[in-house]
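What follows is one structure encoded as structure tokens, with my remarks underneath.
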Amino acid sequence: MSLLDLLWPLYRREAPRLLVALGLGLVTLFAGIALLGISGWFLTAAALTTAGMAFNLFGPSSLIRGLSLLRILARYGERIAGHDATLALLAGLRGDVFARLLARIPLGRLPDEAGGAMAHGDLVSRLTADIDQLESLFVVGVGPLVNGLLAALALGVALALLLPSALLPVLFALALAIIGVPLLLLLLARRPARAVARLGALLRGAVIEAIESRDDLRAFGRTALAQARFEQAAVELGRARRRLALSGALAGAAMQALTAGALLAVLLLGTRALSSGAITGPLLVGLLLGTLASFEAVAAILRGVARFGPAAAAAERLAGLLDAPAAIVAEPHPLSLPNSLDIAFEAVHFAYEPGRPALSGLTLKIGCGERVALTGPSGSGKSTLFALILRLHDPDSGRVLLGGIDLKCADPDEIHAAVAVLEQDAPLFMGSVRDNLLIGNPRCGDAALWAMLEAVQMADLVAALPGGLDAFVGETGHTLSAGQARRLCLARTLLSPAPILLLDEPTASIDPALEQAIFEALPRLTAGRTLVVATHAPPAMLKDFNRKLHLCAQGALEIA
Ligand SMILES: Nc1ncnc2c1ncn2[C@@H]1O[C@H](COP(=O)(O)OP(=O)(O)OP(=O)(O)O)[C@@H](O)[C@H]1O
């Protein structure tokens, strides 16, 4: 999908407001040109007219007042309509891109300049700064372009009627101003604009990385390294911005020179026409000021084009993101899952990267309602097995089935309703204890939440927090210890009504006494449901499980 495919429906939705903004922009522009032209003509005519001669002051002066008022009102309306529509457009675009991004996670390699998998900061950049850049596509792009073209047309018509001798040189200057200089600017700005977008993302990435790893950086005495990386990116960004500004300045100077050239042509050829009596003095002054105002409108195209470079670079980066293949493609006519959901792996091969299999030829079956402990050395594929049951990835070969249905044929929403997971690095979200628990089951009342907190030995702690269930646990749960955050995430998963529960290292960071208590509580908390726990806990703690599966590189070996 190209960015235009994404933008087009949004533009269509906002078309009425965008058209109003465009119309009001035109009124503003022509009121401005007429104001300048008529003022010049009026002042000159008034100066040339002797006091005793009849001169209608009232008509032109009220016209000037009227035009000034019209210009102010039209500009005000244009700003409101244009920005309103643009903000709605950006909000819609951000929502659409975010939804598409979620469908593509985990992202593979993208065709970005760095050539590697995308960093966290880069993704944030694409969703925020890059989308903001697209604002210029309408507000400083389309609007000024239409205005500039119409202003040039109006000037051409006025010259053709009133001063035909100046038409050709002014048209030449206009052609250069509308086509030549913007093209030159596009060419000059292309590379620095891309560099600015890329380095801006790098800088944001450096900040995010440094903040996330601040404690380790401090502990290892490597803060200077993070500082140096940030400064290096900032210096390079500064250089790219300077190159971008320089190309804009060069194009601006060229535009000024063209304006001066056109004014000179109108002045010289107009003076000649004045002496031959073809036009009057006030008309010449009016034409000169009209030329000035028209070139000002044309120069606005350049400002739009100057912003177009960064907007095009941002659009390229967004398109790169949107064109990434979806991690999972849903079946258009999925099969419904049955009530009895046994899990089966049939000769499953899966590798995150070619040549490095995470699961090779895995075959296993877990019956409905079974409690299974999954053990195995680090890297043997326990988390990968969970990811395949959730259909976060598809196997390279073989099949994963739920209730006899190949997951590739099932509805992803049904799979996710049937399977709840506690991931190894499950996050706590910004919000209260209650908000975090209700993610597992929004229908739970306070009594059920407290009962589950009791089961994971967190009730006393939460009761002691200011606000209890309403206590704020902060971004990534930083107000809790690692073990406490882990138990809150475990409670969240156990609250889910899903008939299959997958717990990946549920007792990581938890002391042995609590670990023992949690393993003892699991059969009661998960009664009647399928439970698979990936764990490195000692065998003595796993006595309540129906089966233990030991995973090794070649597949699953069952231990009695
Ligand atoms: N996102 C990923 N990209 C590339 N390789 C990965 C990714 N996640 C896991 N792997 C690789 O797949 C293999 C299986 O990893 P997995 O996390 O499933 O093992 P695990 O048994 O859960 O390990 P642990 O007990 O340490 O959690 C490992 O060799 C690992 O390096």
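What share of Cα pairs, in percent, lie more than 21 angstrom apart in segment 303-400? Walk me through the numbers on the way to the answer.
Numbers: 2516 of 4753 pairs.
Here the long-distance tail beyond 21 Å is 53 percent of all Cα pairs in segment 303-400.
Tell me, what is the FRET efficiency for Tyr11 and Leu149 to the nearest 0.05, using R0 = 25 angstrom and their Cβ-Cβ distance as r?
Numbers: r = 19 Å, r/R0 = 0.77.
In this case the efficiency is close to 0.85.
List every residue whose amide H lies under 5 Å from the amide H of Lys548, counting only residues 5 or more places away in sequence or on a different chain, with H placed 1.01 Å from N in the peptide plane.
Ala373, Ile559
Please report, ordered by residue number, every helix of the chain (full DSSP H runs) that is 18 Å or longer along its axis going by C-alpha atoms and whose mean Kyte-Doolittle hydropathy reaches 0.0.
Details: long enough: 15-48 (49 Å, 1.84); 58-104 (67 Å, 0.51); 143-162 (28 Å, 2.07); 181-212 (45 Å, 1.09); 223-275 (76 Å, 0.70); 281-322 (60 Å, 1.26); 482-495 (20 Å, 0.36); 512-525 (19 Å, 0.42).
Length and hydropathy pass: 15-48, 58-104, 143-162, 181-212, 223-275, 281-322, 482-495, 512-525.
Test of understanding: extend the Cα→C-beta vector of Asp396 to 7 Å, then name every residue of segment 340-372 with backbone N under 17 Å from that spot.
Counting only backbone N, you get 346-363.
Calculate the tail of P(r) for the chain: the fraction of all Cα-Cα distances greater than 29 Å, expressed in %. Could the numbers behind the result be given before it?
Working: 107030 of 156520 pairs.
So the pairs more than 29 Å apart make up 68 percent of the total in the chain.
Measure off 7 Å from each Cα along the Cα-to-Cβ vector at Cys409 and Arg94, then give the distance between these two points in nanometres to one decimal.
Spacing of the two 7 Å Cα→Cβ label points: 4.3 nm.
Extending each Cα 7 Å along its Cβ direction at Ala448 and Glu520, get the distance between those two points in nm, one decimal.
Placing both labels 7 Å beyond Cα along the Cβ direction yields 2.7 nm.
How big is segment 308-356 in terms of Cα radius of gyration and Dmax, in angstroms?
19.4, 57
Can you tell me how much longer the chain between Val329 and Ser165 gets when fully stretched, taken as 0.36 nm per residue apart minus their C-alpha distance, in nm with one decimal? Mind dumping the intermediate values first?
Details: separation 164, 0.36 × 164 = 59.04 nm, distance 6.59 nm.
Full-extension gain reported as 52.5 nm.
State to the nearest 20 debye the size of the charge dipole of segment 172-280 about its Cα centre, where the only charges are +1 on K and R beta carbons and -1 on D and E beta carbons. The partial results should precede the final answer.
Values: 14 positive and 6 negative charges, 39 e Å.
Roughly 180 debye, rounded to the nearest 20.
Can you give the extra length, in nm with one decimal, that the chain gains between Ala257 and Ala417 once fully stretched, where that is 0.36 nm per residue apart less the Cα-Cα distance?
On the way: separation 160, 0.36 × 160 = 57.60 nm, distance 6.71 nm.
Extra length from Ala257 to Ala417 when fully extended: 50.9 nm.
Would segment 430-491 count as rounded, prolate or oblate if I go by the C-alpha gyration tensor, calling it rounded below 1.5 in a/c and otherwise prolate when a/b exceeds b/c, oblate otherwise?
Numbers: a/c = 1.36, a/b = 1.22, b/c = 1.11.
It is rounded, given that a/c, with a ≥ b ≥ c, falls under 1.5.
Using the count of nearby Cβ atoms within 10 Å as a rough guide to exposure, how do Phe230, Phe42, Phe472, Phe295 rank from fewest to most?
Working: Phe230 17, Phe42 20, Phe472 14, Phe295 26.
Listed from fewest to most nearby Cβ atoms, that is Phe472, Phe230, Phe42, Phe295.
Counting pairs of alpha carbon atoms under 8 Å apart in space and at least six apart in sequence, what relative contact order in percent does segment 243-313 give?
Working: 22 pairs, mean separation 26.2, N = 71.
Computed over segment 243-313, the figure is 37 percent.
If R0 is 56 Å, what FRET efficiency do you get for Ala224 and Ala527 from their C-beta distance, rounded to 0.05? Write down the numbers at each step before the final one.
Numbers: r = 55 Å, r/R0 = 0.99.
Working from the Cβ atoms, E equals 0.50.
In µm²/s, what is D for segment 221-351 at 25 °C and 0.890 mPa s, where D = kT/(6 pi eta Rh) by Stokes-Einstein and Rh is the Kirkwood radius from Cα pairs? Working shown, then result.
Values: Rh = 22.3 Å.
Once the numbers are plugged in, D ends up at 110 µm²/s.
Could you pull out every residue, at least 5 positions away or on a different chain, whose amide H is within less than 5 Å of the one on Glu370? Hs are placed 1.01 Å off N in the peptide plane, and Pro or chain starts have none.
Distant-sequence amide H within range of Glu370: Leu531.
Could you work out the longest stretch of the chain that avoids the trypsin sites (Lys or Arg not before Pro) located in DSSP loops with at most 16 other Cβ atoms within 10 Å? Show your work: numbers first, answer last.
Details: sites that count: Arg222, Arg443, Lys543.
Maximal segment without exposed cleavage sites: 1-221.
Mind giving me the nanometre distance, one decimal, between the label points for Val157 and Ala47, set 7 Å out from Cα along Cα→Cβ?
With each label point 7 Å from Cα toward Cβ, the separation is 2.9 nm.
At 222 nm, what helix-only mean residue ellipticity would the chain give, in deg cm²/dmol to the nearest 500, using -39500 (n - 2.57) for each DSSP H run of four or more? Can you show the working numbers first?
Working: 17 runs with 325 residues, N = 560.
Helix-only estimate at 222 nm: -20000 deg cm²/dmol.
Any read-out appearing in this document is the output of simple, stated calculations on the displayed coordinates, not a laboratory observation. Just so it is clear, the structure is predicted and the values come from calculations on it, not from any experiment. Ideal geometry is used to build each Cβ from the backbone, glycine not excepted, and the neighbour counts take in all protein chains shown.
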